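I have placed the structure first, in the form of structure tokens, so that the comments after it can refer back to it.
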Amino acid sequence: MLSAIIVNGGNYLYNLLVGRILGPTKFADAAILITFLLVLSFIAMTFQLVTAKYTVLFDDKVFEQFMSFALKRAILFGIVIGVLIVFFSGQLQKVFNTHNATMFVIFGVSVPIYFLMSVNRGVFQGGKKFLNLATTYQTEMISRLLITLLLLYVFVDIESSILISLGIIISLVFGVLPLSKNVRFFKSGTLSDENRKIVHKFLLLTAFYECTQIIINNSDILLVKAYFDNYNAGLYASLALIGRVVYFIAWMFVMLLLPSVVSKQKEGIPHRNVLLKYVGYVTLLSACIVLVTFLFPEFVVSILFGHAYVGIASLLWQYALATSIFAVSNVFAYYFLSLDQYIPVIITGVLGITQVVLIVFFHDSLKEIVTMQIIAMSILLAVQLMFFYGNTNNKTKQIES
């Protein structure tokens, strides 16, 4: 948890310094790359969570077979995604109004590395080797921060978005370290049909949920970039990066939640108290952040991004509120995901699409876009709570009967 705070702080420092150095207009292009990196992290998180879960559940020989299975599919999927990004780089430039397509080409090359890194992290997460897990996040964050700043300082004549993408790919190489001894590319043995079916089922379920995460977390930035000019898109990107501090804080609890719940489920130990504990932590932290952004919006924006971004300050607490509601509902969703329950995942998917639809129809101003997110996320949390208490009451009745 301490490491997660440092990593999130480092990533925020990276975003803030890049935003200050480039200014709102150029930062709009950099924000697209940062958003693409977040999208990639959610896709790759599918393999990390699957690896983490079956690191807990599978033993010895079966685990070796599973690792071979996971590595091959992760790398292959990463190559496919990377090739598609490179191939459609020109179209991506036009859609998102960026200054060049090269930034997407470089980013596409980095994709397979990210998937390898995620499987490696899944082994550490599932095995509760949190020191190694923390180290991989630290090496990625520190190298990206230092290398990107160095590139921006030295190569001032090169387009900044290209330098940002180079910083990303180099940092991912560092992020693979330390490499787990279980991550070996040539292993004998094949996962049995029964185990393969179980893994595929959870893989698809997790992939679907991570897609909903992508939609909810990133669709607003991408749509704003398409609907508004670069200046307003840059302002909104700064708003999103500040407001999402809630989500990144919540994520460190999710990292601890999944292996704990799976382990207790395997041993037949009640785990509802684990969920409620983490929900309490996230709610308390979220409330504090929303309160600070409500009381001191201009101070927060000017300190973090500078006076050039103060125009967005009035929306800061509202965006933080939307993200807070999503962060709390996300803890419930990951809890049920670790237990192979589908309904909360489907609920999140429906509300993610609802958010996109609302923004598509109501985007006359940045304020209206933020309001649509508050509406969608409030409905999501309400439905998740109803499902949780309904599920709990049903189990209580079954035990009593």
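FYI, it's all coordinate maths here, none of it is from the lab. Treat the numbers as computed from the prediction; the structure is a model and nothing was measured. Reconstructed Cβ throughout: ideal geometry from the backbone, glycine too, with neighbour counts over all protein chains shown.
Setting aside same-chain residues fewer than 8 positions from residue 367, which lysines have a Cα under 25 Å from its Cα?
26, 225
Under 28 Å Cα-Cα from residue 277, which lysines qualify once same-chain neighbours fewer than 8 residues away are excluded?
53, 128, 129, 264, 266, 395, 397
Looking at the range 48-194, what % of the alpha carbon pairs are farther apart than 19 Å? Write down the numbers at each step before the final one.
On the way: 6277 of 10731 pairs.
That tail contains 58 percent of the Cα-Cα pairs.
Mind checking the full-extension length gain between residue 269 and residue 378? Use 0.36 nm per residue of separation minus the Cα-Cα distance, one decimal, nm.
Extra length from residue 269 to residue 378 when fully extended: 36.1 nm.
Report the per residue volume, in Å³, of the convex hull enclosing the C-alpha atoms of the range 1-111.
104
Could you list the chymotrypsin sites (Phe, Trp or Tyr not before Pro) in the range 117-212 that lie in coil according to DSSP, counting only those with at most 11 other Cβ atoms within 10 Å of their Cβ?
Here the chymotrypsin sites (Phe, Trp or Tyr not before Pro) that fit, given the DSSP loop and packing criteria, are 185, 186.
Based only on other Cβ atoms within 10 Å, what is the fewest-to-most ordering of 389, 54?
By the 10 Å Cβ count, ascending, the order reads 389, 54.
What's the FRET efficiency of residue 79 with residue 146 using the Cβ-Cβ distance as r and R₀ = 41 Å, to the nearest 0.05? Walk me through the intermediate numbers first.
Values: r = 28 Å, r/R0 = 0.69.
Rounded to the nearest 0.05, the efficiency is 0.90.
Give the cross-link partners of residue 201 among the aspartates and glutamates, using a straight C-alpha distance below 18 Å as the criterion and excluding same-chain residues fewer than 8 apart.
By straight Cα distance, residue 201 reaches 193, 210, 340.
Where in the chain are the DSSP H helices whose C-alpha atoms run 20 Å or more along the long axis and whose mean Kyte hydropathy is at least 0.5?
2-57, 60-87, 102-126, 130-154, 160-175, 245-267, 272-295, 316-338, 343-361
Hey, what number do you get for the chain at 222 nm if only DSSP H runs of n ≥ 4 count, each worth -39500 (n - 2.57), divided across all residues, to the nearest 500? Before the final figure, lay out each step's value.
Working: 14 runs with 338 residues, N = 401.
Helices in the chain give a 222 nm mean residue ellipticity of -30000 deg cm²/dmol.
Over every pair of different alpha-carbon atoms in the range 286-352, take the mean of 1/r and invert it; report that Kirkwood radius in Å.
Every distinct Cα pair counted, the radius reaches 13.6 Å.
Computed on alpha carbon atoms, what radius of gyration and Dmax characterise the range 138-196, expressed in Å?
18.1, 57
What length, rounded to one decimal in nm, is gained on full extension from residue 192 through to residue 346, with 0.36 nm per residue of separation minus their alpha-carbon distance? Kindly include the intermediate steps, with their values, before the conclusion.
On the way: separation 154, 0.36 × 154 = 55.44 nm, distance 2.86 nm.
Between residue 192 and residue 346, full extension yields 52.6 nm more.
Compute the Kirkwood hydrodynamic radius of the chain, taking the inverse of the mean of 1/r over all pairs of distinct Cα atoms, and give it in Å to one decimal.
Details: mean 1/r = 0.0460 Å⁻¹.
The answer is 21.8 Å.
Using Cβ counts within 10 Å as a stand-in for footprinting exposure, how do 296, 69 rank, fewest first?
296, 69
Once the piece of chain linking residue 353 and residue 91 is laid out straight, how much longer is it, given 0.36 nm per residue of separation minus the C-alpha distance between them?
92.0 nm
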